[in-house]
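The values are calculated or read from the model by the stated rules, or taken from the named source; none is laboratory data. Just so you know, these numbers come straight off a predicted model, no measurement behind them. Neighbour counts are summed over all protein chains in view; Cβ atoms, including those assigned to glycine, are modelled from backbone coordinates with ideal geometry.
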Amino acid sequence: MIDDEEHLVMSDPTDRERVRELGVEFGPLAHQLNQHEYPTTCEELVEAYGSAVLGFQNGEQTLAEVLSPVPEEQFNSATEARAAIFSNVPEGAIGRKGYSDRTPPALGEQSEESDESF
């Protein structure tokens, strides 16, 4: 497992109480999603784990709230279920939109900071 909480490997979430991936704090839900029997529907996941709380940098929501836009979705794996979660978290949950302290802006993007060198 990688020590950086922002990039924890989801394969064995029982190693830590807090399991975070791409800015989403899954907690015990990470293990539950990995152990769930697939294929499954969104409705089945919400029925089983809908009250599980997902934490974000700027708040939290239940799994039922996050998956409410895709009630008819079917998932063939935990990876697909997590992808649906990432796709449906509120925009404000990710912190500063487009922020990265690791890469320069892509071609055609505008940087919010000046090009000063210290």
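Descriptive notes on the structure:
- Here Gly23 fulfils each of the conditions (1) at negative phi; (2) at pLDDT below 90 apart from (1).
- For the stretch 73-92, the condition holds for at least one residue, the condition being that it is in a loop (DSSP other than H, G, I, E, B), loosely packed, with under 15 Cβ neighbours inside 10 Å and either in contact with a Phe, Trp or Tyr (Cβ under 6 Å, 6 or more places away or on another chain) or at pLDDT 95 or above (or both).
- Residues of the stretch 51-61 classified as in contact with a Leu (Cβ under 7 Å, 6 or more places away or on another chain) and surrounded by 16 or more Cβ atoms within 10 Å (Cβ to Cβ), total: 3
- Ala64 being among the hydrophobic types (A, V, I, L, M, F, W, C), free of Cβ contacts under 8 Å to residues at least 24 places away in the same chain and under 19 Å from Pro90 (Cα atoms): yes
- Odd one out for Gly98, checked against (1) under 15 Å from Leu22 (Cα atoms); (2) modelled with pLDDT of 65 or more; (3) not basic (Lys, Arg): (2)
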